[in-house]
Every structure is written in structure tokens, then in C-alpha cells.
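Chemist: Below you will find the structure I want to go over with you.
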Amino acid sequence: MRIDILSCVPDLLHSPLNHSILKRAQQKKLLEVFVHNLRDYSLDKHKSVDDYPFGGGAGMVLTAPPLAHAINSLCQNILYDEIIFLTPDGETFNQKMANQLSLKQNLLLIAGHYKGIDQRIRDKYITKEISIGDYVLSGGELPALILVDAIGRLIPGVLGDETSALSDSFQNILLDAPCYTRPAIFEGLKVPEILLSGDHQKIEEWRLNQSIEKTQKLRPDLYAEWEKSELS
Ligand code: ADE
């Protein structure tokens with residue numbers, strides 16, 4: 001899978017892409033991520049990418065020409081399945097969307113900055129608008145990284161243990177069961193006996209019950225969804 005990210009602050013993106021699981025996914029050639037600097041596509045000699053909003057008001061707006069130039073240049077070589085703009089106005093990102101996007105070949109993520117981007121770019125080029133939650137960040141760079149992380153770890157072979165992405169919280173609607181590691185006794189607190197029993201079937205039953213109880217307590221909305229689904 002290939003993901004291109006267009007940003008006017010590309011340095012914000014590098015470190016998270018070059019560590020841990022995303023780094024490994026790229027080393028294994030299961031995921032390619034390319035970061036593009038919007039300024040490289042500016043058509044004026046000052047390399048400007050933003051301007052004051054027509055009609056007045058606070059904040060700068062990313063102008064249409066560099067965005068269009070960047071998108072058109074990238075589209076000349078790559079056929080994108082989706083051109084995604086990260087914005088608080090978008091559809092709220094969730095595991096189902098991550099699963100669907102992980103099946104795509106090529107994604108282009110556009111990170112806005114300042115007040116937003118010229119609406120004409122949204123109207124003409126963007127195929128999907130995604131928000132990572134009901135709060136406003138300074139730009140779409142962190143949301144873009146969240147998408148890359150959530151999608152990248154679902155690509156088969158990226159996680160060492162092939163099944164572990166499938167057992168994540170939300171993958172089966174329920175929250176994850178609690179997990180423990182050594183030492184077996186920490187500050188007088190013992191690991192649940194069942195986890196030391198070696199009885200894998202009993203352990204799986206215990207985990208499922210813990211997931212159900214935890215979800216019912218912490219996320220009654222998800223619990224209701226789970227009860228209605230064929231997974232319950
Ligand atoms: N840009 C600024 N805030 C955002 C959010 N909540 N989700 C996606 N993109 C954003």
C-alpha cells in the first residue's frame with residue numbers, strides 16, 4: 001500500500017513515520033509513505049501557500065493553486081483510491097473506516113493548516129473528508145498520522161503476530177480485556193490466577209467475559225451495538 005501526505009509543515013510528520021511499527025512496515029515494503037511539502041508546489045516566487053480569507057475574518061486559508069498543482073502532479077503518476085482531506089467537519093474516523101481504507105492501494109492525505117483550505121479544492125478534488133474527533137487541532141498533520149498508524153497496522157504482515165490486530169479493542173466492537181505481564185505479584189497485587197493456569201480455552205473465555213463486562217461498564221453505547229450484532 002502507498003500513502004502520500006501533502007502538508008505545508010512536513011517536518012511535523014517525519015518522526016512518527018520513522019519509528020516502531022510504521023518504520024517496520026516500510027522496511028518490510030508492506031507500506032510506502034511519501035511526505036510532500038506543499039511549498040514545493042507554490043507557483044509564486046515567495047513560495048507562499050496561504051492568504052487572507054475573502055470576506056474577512058481571523059486566520060489564513062491555504063490557497064487553491066499550490067494545492068491543485070500538487071494534487072494534479074501526484075495524480076499524473078498514481079491512481080488514488082481516495083483523496084482524503086483531514087478536517088473537523090469530516091466523518092468521524094473509527095475502526096470500520098480504518099479497516100476499509102486498509103484494503104486500498106493508494107491514498108492521498110491532505111493536511112490543512114491555519115483556518116482551512118480553499119473550498120474549491122474540497123469541491124473539485126477531495127473524495128472523502130475525515131475528522132479524528134470533535135475538537136479542533138492546529139492542522140491535519142497529527143490526524144493524518146493517526147490514519148496512517150491505524151491503517152498501516154492492519155496491513156497483513158505488518159504486525160509480528162498476524163492475529164493481534166484482529167483482537168484489538170473495537171475490532172469485534174468490544175473493548176480489550178485487561179492484560180498483565182511479569183512480575184506475577186506487583187506491590188502485593190496478583191495477576192488473575194486463570195492467566196497462569198495454561199488452560200487456553202478457559203483463558204479465552206475469561207478474556208471474553210472481561211471484555212463484555214468492561215464494555216458494558218465503560219462504553220454502554222458499544223455494548224448495545226455488540227448485543228445487536230451477530231458477534232454476541
Ligand atoms: N484538523 C484540525 N482538527 C482536526 C480534526 N479534529 N480532525 C481532522 N483534522 C483536523
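The values are calculated or read from the model by the stated rules, or taken from the named source; none is laboratory data. As the structure is a computational prediction, the values presented were derived from the model and not from experiment. Note: ideal-geometry Cβ built from the backbone for every residue, glycine included; neighbour counts use all protein chains shown. Each accessible area value is taken on the protein alone, full model and side chains, heavy atoms only, with ligands, DNA and RNA left out. Shrake-Rupley method; radii C 1.70, N 1.55, O 1.52, S 1.80 Å.
Chemist: Say whether the condition of being polar (S, T, N, Q) and away from the ligand (no atom under 16 Å from the Cβ) is met by at least one residue in the stretch 172-193.
Modeler: Scanning the stretch 172-193, I find at least one residue that is polar (S, T, N, Q) and away from the ligand (no atom under 16 Å from the Cβ), so the answer is yes.
Chemist: Going by the conditions given, is residue 114 open to solvent by 20 Å² or more (accessible area, probe 1.4 Å), touching a residue at least 60 places away in the same chain (Cβ under 8 Å) and within 15 Å of the ligand (Cβ to nearest atom)?
Modeler: Yes.
A quick yes/no check of all residues on (1) under 11 Å from the mean Cα position of the chain (by Cα); (2) within 19 Å of residue 49 (Cα to Cα); (3) among the aromatic types (Phe, Trp, Tyr):
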position	(1), (2), (3)
80	no, no, yes
89	no, no, no
110	no, yes, no
128	no, no, no
132	yes, no, no
142	yes, no, no
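Chemist: Of everything in the stretch 45-96, what is away from the ligand (no atom under 16 Å from the Cβ) and either touching a Gly at 6+ places or on another chain (Cβ under 8 Å) or charged (D, E, K, R) (or both)? Give them in sequence order.
Modeler: Those that are away from the ligand (no atom under 16 Å from the Cβ) and either touching a Gly at 6+ places or on another chain (Cβ under 8 Å) or charged (D, E, K, R) (or both): 45, 47, 51, 53, 81, 96.
Chemist: Another question about this same structure. Any residue that is assigned to a strand (DSSP E or B), closer than 25 Å to residue 5 by Cβ, open to solvent by less than 20 Å² (accessible area, probe 1.4 Å) and within 16 Å of the ligand (Cβ to nearest atom) - is there at least one of those in the stretch 128-136?
Modeler: Yes: one or more hits.
Chemist: Could I ask something else about it? Six or more apart or on different chains, Cβ atoms under 7 Å: show the pairs whose first residue is in the stretch 74-90 and touching a residue at least 60 places away in the same chain (Cβ under 8 Å) and whose second is outside any strand (DSSP E or B).
Modeler: 86/112; 86/140; 86/143; 86/144
Chemist: Let me ask something additional. List every residue pair whose Cβ atoms sit under 7 Å apart, with the two residues 6 or more apart in sequence or on different chains, where the first one lies in the stretch 175-191 and is touching a residue at least 24 places away in the same chain (Cβ under 8 Å) and the second, anywhere, is surrounded by 11 or more Cβ atoms within 10 Å (Cβ to Cβ) and acidic (Asp, Glu).
Modeler: That search, which allows pairs on different chains as well, returns 176/168.
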